[in-house]
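Below is one structure. I have some questions about it.
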Amino acid sequence: MKSFIGHHEVATDTDYLELALGTPLELWLGEEDESDDERAARLDAARDILAEDPELIDRATRIAAEAIEAHIPALFHNVSRLPRPARSTGRTAPKAVAA
């Protein structure tokens, strides 16, 4: 079964996110080995996009929350409970008396 957003076929999770946000993920996440100038230009472009589309932050937050909710069992599949600390009785141990 194929998935589409508008006329665009969604083949990967990255495709879904990029189509939902309307921007490539690299714009927000950066790329390995980008120079300081490339990073500055990327952040300037991101600020311009946010200024033109202030609702983008809400959409991105909603998408992230939905992704976390959908994948929460996988995120916590190997988490085990930590033992509870012993309850304090409020008493202190007796002090050693110097001889």
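Assigned to a helix (DSSP H, G or I) and touching an Asp or Glu at 6+ places or on another chain (Cβ under 9 Å): is that true of E18 in this structure?
Judged against the criteria, E18 is not a match.
Taking D33, is it open to solvent by 80 Å² or more (accessible area, probe 1.4 Å) and in a helix (DSSP H, G or I)?
It is false that D33 is open to solvent by 80 Å² or more (accessible area, probe 1.4 Å) and in a helix (DSSP H, G or I).
Same structure again: Where the second residue is aliphatic (A, V, I, L, M) and in a helix (DSSP H, G or I) and the first is over 12 Å from A67 (Cβ atoms) and open to solvent by 90 Å² or more (accessible area, probe 1.4 Å) and lies in the stretch 4-23, which pairs have Cβ atoms under 7 Å and are six or more apart or on separate chains?
Close Cβ pairs (under 7 Å, with a partner that is aliphatic (A, V, I, L, M) and in a helix (DSSP H, G or I)) amount to H8/L19.
I need the full set of residues from the stretch 45-99 which are open to solvent by 100 Å² or more (accessible area, probe 1.4 Å), assigned to a loop (DSSP other than H, G, I, E, B), under 30 Å from A20 (Cβ atoms) and at pLDDT 80 or above, in order please.
E55
Report, by residue number, each residue of the stretch 26-61 that is in contact with a helix residue (DSSP H, G or I) (Cβ under 9 Å, 6 or more places away or on another chain) and among the charged types (D, E, K, R).
Matches in the stretch 26-61: E26, E31, E34, R42, D53, R59.
The values are calculated or read from the model by the stated rules, or taken from the named source; none is laboratory data. Source: prediction; values computed, not measured. Cβ: placed from backbone, ideal geometry, glycine included. Neighbour counts: every protein chain shown. Just so you know, the surface numbers come from the protein's heavy atoms only, side chains and all, with ligands and any DNA or RNA stripped out. Shrake-Rupley method; radii C 1.70, N 1.55, O 1.52, S 1.80 Å.
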